[in-house]
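*Asks:* One structure, as structure tokens, below. Some questions next.
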Amino acid sequence: MPIAPKIDGKALKERTTFRMEVGVATVINAPVSRVWDLLTNAADIPRWNSTVESVKGSIAHGETIRLRVKVAPNRVFKLKVTEFEPQRRMVWSDGFAPMFRGERTYKLDERDGKTTFSMIEVFSGLMLPMIAGSLPDFGPPFEEMTRDLKRAAEEN
């Protein structure tokens with residue numbers, strides 16, 4: 001079961017031998033449709049998300065996107081959109097179980113015109129103990145991305 005971060009914009013991290021999780025959540029003063037549009041318009045993501053260099057491809061179920069991020073500028077992450085429930089939930093995955101797999105889940109919940117946003121990344125696999133030390137600290141970029149999303153969605 002994934003971690004449940006507090007809805008305060010601060011990253012929560014947990015790690016065991018074969019599993020590492022990072023999650024963040026916040027309330028955004030904007031309707032879920034606005035937040036969803038920001039998260040799924042690949043070409044526009046680098047404009048509002050200061051942690052991303054580029055996103056190539058279409059963010060839709062079954063599609064593969066190519067993501068370049070500032071914490072690893074020389075690497076292109078090829079991520080498959082494995083779940084896609086418009087305005088509710090989206091999952092991006094890469095790697096091969098049981099060796100190493102990364103899975104990022106975005107969730108949105110609207111209440112009274114506001115959106116509760118959460119993003120949780122789970123890394124797992126037999127190779128995790130060998131490579132965990134080379135992975136960046138995902139907490140600060142997750143918090144930064146969440147602040148960026150909140151700011152962009154709340155702009156008029």
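*Asks:* Just to verify a result, which residue in the stretch 34-51, among those that are touching a Leu at 6+ places or on another chain (Cβ under 8 Å) and either surrounded by fewer than 17 Cβ atoms within 10 Å (Cβ to Cβ) or in contact (Cβ under 8 Å) with a residue 24 or more places away in the chain (or both), is nearest to L135 (Cα to Cα)?
*Replies:* That would be N49.
*Asks:* When you scan the stretch 47-60, do you find a residue that is assigned to a helix (DSSP H, G or I) and within 16 Å of M145 (Cβ to Cβ), even just one?
*Replies:* Residues of the stretch 47-60 assigned to a helix (DSSP H, G or I): 47-48.
Checking the rest, the ones that are also within 16 Å of M145 (Cβ to Cβ) come to 47-48.
Taking every residue of the stretch 47-60 in turn, at least one turns out to be assigned to a helix (DSSP H, G or I) and within 16 Å of M145 (Cβ to Cβ).
*Asks:* Moving on. Condition test on V81, is it touching a Gly at 6+ places or on another chain (Cβ under 7 Å) and surrounded by 14 or more Cβ atoms within 10 Å (Cβ to Cβ)?
*Replies:* Yes.
*Asks:* Can you work out which of the residues in the stretch 102-156 that are in a loop (DSSP other than H, G, I, E, B) and at negative phi is nearest to the chain's Cα centre (by Cα)?
*Replies:* Looking at residues that are in a loop (DSSP other than H, G, I, E, B) and at negative phi, I get F138.
*Asks:* Do we find a residue being free of Cβ contacts under 8 Å to residues at least 60 places away in the same chain, more than 24 Å from D8 (Cβ to Cβ) and β-branched (V, I, T) anywhere in the stretch 87-100?
*Replies:* No, the stretch 87-100 has no match at all.
*Asks:* Suppose we filter the stretch 14-33 for residues that are surrounded by 15 or more Cβ atoms within 10 Å (Cβ to Cβ) and more than 23 Å from T82 (Cβ to Cβ); how many remain?
*Replies:* Total satisfying the criteria: 5.
Each value in this text was obtained by applying a stated rule to the coordinates, not by laboratory testing. A quick note: this is a predicted structure, and the numbers were derived from the prediction, not measured. All Cβ positions, glycine included, derive from the backbone under ideal geometry; neighbour counts span all protein chains shown.
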